[in-house]
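The values are calculated or read from the model by the stated rules, or taken from the named source; none is laboratory data. Bear in mind that the values here come from a model prediction, so they are computed numbers and not experimental data. Heads up, the Cβs are rebuilt from the backbone with ideal geometry, glycines too, and the neighbour counts pull from every protein chain shown.
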Amino acid sequence: MITIQKLKVYEKYSGDEDQLVRIALETERELFDKNSDWFEIMNFKQDIFIITQNLASDEYRKSSIERMKNLCDNDSFEILTKSIL
């Protein structure tokens, strides 16, 4: 589940997984151990960019939003989608 805390850590390291591995606090790294949330956030950011640039079909937009809804808690979903809803 993607949470506000995970979004903050992702932004802190500008989405750079190498920084997460090399310099993050242990508690920050543990948030992403044994899950694919870092990559899901990265994919969501890319989807949001594509959607805001009007490069996505309606079907792609709907499926991206539905995927975000399924993988995020309510607060993180609102933050991620505020620019596209």
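In table form, for the structure just shown:
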read-out: Residue within the stretch 76-84 that is basic (Lys, Arg) and in a loop (DSSP other than H, G, I, E, B) present; value: yes
read-out: Where a residue in the stretch 73-85 is touching a residue at least 40 places away in the same chain (Cβ under 8 Å) and its partner, wherever it lies, is in a loop (DSSP other than H, G, I, E, B), with Cβ under 6 Å and at least six apart; value: Asp73/Met1; Asp73/Thr3; Ser76/Thr3
read-out: Scope the stretch 14-39; condition surrounded by 11 or more Cβ atoms within 10 Å (Cβ to Cβ), assigned to a helix (DSSP H, G or I) and either at positive phi or not aliphatic (A, V, I, L, M) (or both); matching residues; value: Glu17, Gln19, Glu28, Arg29, Phe32, Asp37, Trp38, Phe39
read-out: Total residues in the stretch 1-13, condition surrounded by fewer than 17 Cβ atoms within 10 Å (Cβ to Cβ) and either outside any loop (DSSP other than H, G, I, E, B) or not hydroxyl-bearing (Ser, Thr, Tyr) (or both); value: 6
read-out: Residue under evaluation Ile65, criteria (1) assigned to a helix (DSSP H, G or I); (2) among the β-branched types (Val, Ile, Thr); (3) closer than 23 Å to Lys12 by Cα, criterion not met; value: (3)
read-out: Filtered residues of the stretch 65-75 (kept if under 14 Å from Lys6 (Cβ atoms) and surrounded by 16 or more Cβ atoms within 10 Å (Cβ to Cβ)); value: Met68, Leu71, Cys72
read-out: Inter-residue pairs, beta-carbon under 7 Å, first surrounded by 15 or more Cβ atoms within 10 Å (Cβ to Cβ) and in the stretch 42-64, second among the small types (Gly, Ala, Ser) and in a helix (DSSP H, G or I), 6+ apart; value: Asp47/Ser64; Ile51/Ser64
read-out: Pair list, Cβ < 6 Å and 6+ apart or interchain, from the stretch 1-14 residues that are in contact (Cβ under 8 Å) with a residue 12 or more places away in the chain and more than 14 Å from Leu71 (Cα to Cα) to residues that are of a type in the set (Val, Ile, Thr) and in a helix (DSSP H, G or I); value: Tyr10/Ile41
read-out: Residue match in the stretch 14-33 (condition: touching a strand residue (DSSP E or B) at 6+ places or on another chain (Cβ under 8 Å) and modelled with pLDDT of 95 or more); value: no
